[in-house]
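For reference, the structure discussed in these notes is given below.
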Amino acid sequence: DLRTRQAADSVSLQLRWNWNTPFFLSPHNPDVFYTGANRVMKSTQRGDNLYPISGDLSTRDTMRIRVSTQTTGGVTSDVTGAETHSTIVSLAESPLRQGLLFAGTDDGNVWTSPDDGRTWTELTARFRNLVPAKTYVSPIEPSRYDANTFYVTFDNHREGDFTPYVF
């Protein structure tokens, strides 16, 4: 029924923001602002009137989300959002091709959109046998020389793994 769908839509639009939320002005248009929660958000008014241009790009790990949002990571009770989980922590736009976006999450997902967020392709499987599952995606850096190339690092020190993962 309509109320059930509205409630589901409301839940699906709930945003989780990370302490280290990525944000930037487009290198192609200084009026365009992007930021990442668990969804990529965009503004064409330098940050005013944000709207989502992606679905939830995280793993949506319900246990970690519950712990991080209800008991704040289990470390200490606070309301800063410092330990919110299943969020976008790396976000970039190609300096060569407007609207070519890249996003990485704190739970190991890597995504790209060739069309300014209209469609998204998950690239996580490319790293499946190379990086432990759910490893924090450190910065994603699009190439300044080739629009088809980007660099990504993963940081798993929170799990006692100090291996450098660079691709």
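Remarks
- Residue in segment 108-115 that is touching a helix residue (DSSP H, G or I) at 6+ places or on another chain (Cβ under 7 Å) and outside any strand (DSSP E or B) present: yes
- Within segment 129-145, the only residue that satisfies the criterion of being basic (Lys, Arg) and open to solvent by less than 90 Å² (accessible area, probe 1.4 Å) is 134.
- Test result for residue 118, of a type in the set (D, E, K, R), over 20 Å from residue 61 (Cα atoms), in contact with a Pro (Cβ under 8 Å, 6 or more places away or on another chain) and open to solvent by 90 Å² or more (accessible area, probe 1.4 Å): no
- Taking segment 146-162 as the range and being aromatic (Phe, Trp, Tyr) and surrounded by 15 or more Cβ atoms within 10 Å (Cβ to Cβ) as the test, the residues that pass are 150, 154.
- Sole residue being loosely packed, with under 15 Cβ neighbours inside 10 Å, among the basic types (Lys, Arg) and over 20 Å from residue 30 (Cα atoms), chosen from 97, 126: 126
- In this structure, residue 149 qualifies as more than 18 Å from the chain's Cα centre (by Cα) and free of Cβ contacts under 8 Å to residues at least 24 places away in the same chain.
The values are calculated or read from the model by the stated rules, or taken from the named source; none is laboratory data. Quick caveat, the model's predicted, so the values are computed rather than measured. A quick note on method: Cβ atoms are made from the backbone with ideal geometry, for glycine too, and the neighbour counts reach across all protein chains shown. Heavy atoms of the whole protein, side chains included, go into the accessibility calculation; ligands, DNA and RNA do not. Shrake-Rupley method; radii C 1.70, N 1.55, O 1.52, S 1.80 Å.
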